[in-house]
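Below: the structure, in structure tokens.
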Amino acid sequence: MERPTRYEHHRFVGDKRTQVVYDLDASDVDPDIIDELMASERYLGFGPDTMPEARNRGYRLWKGHATADE
């Protein structure tokens, strides 16, 4: 999947509406979901760009990812 313009250097992007984080490097991420998220302008990047940081902020990995353990 091609990364959104403002997130070309980020791996994880969060949805502020649902507190879900998407792994842009995962092969199973749905580009339509990411396109809708970017159109909504309700997204968040993490610094550092890691899953532990996303969890620290209360986000959980999208259940559609094959590696989702929650």
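Every read-out reported here was derived from the displayed coordinates using simple, explicitly stated rules and does not represent laboratory data. This one's a predicted model, so the numbers in the text were calculated from it and none came from an experiment. Backbone-built Cβ (ideal geometry, glycine too); neighbour counts: all protein chains shown.
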Query - Residue satisfying all of: in region 8-37; hydroxyl-bearing (S, T, Y) and over 10 Å from the mean Cα position of the chain (by Cα); farthest from N56 (Cα to Cα) among these - result: S27
Requested in this report: Within region 26-62, count every residue that is closer than 15 Å to E2 by Cα, among the charged types (D, E, K, R) and either in a helix (DSSP H, G or I) or without any contact (Cβ under 8 Å) to a residue 24 or more places away in the chain (or both).
Outcome: 3
**Report entry** Where D23 falls short, out of the listed (1) among the acidic types (D, E); (2) in contact (Cβ under 8 Å) with a residue 12 or more places away in the chain; (3) loosely packed, with under 15 Cβ neighbours inside 10 Å
**Finding:** (3)
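Which is surrounded by 15 or more Cβ atoms within 10 Å (Cβ to Cβ) and assigned to a loop (DSSP other than H, G, I, E, B), of H65, H9?
Only one candidate qualifies: H65.
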Report task. Would you check which residues across region 35-60 are in contact with a Lys or Arg (Cβ under 9 Å, 6 or more places away or on another chain), surrounded by 13 or more Cβ atoms within 10 Å (Cβ to Cβ) and farther than 13 Å from K16 by Cα and list them? Result -> D49, M51
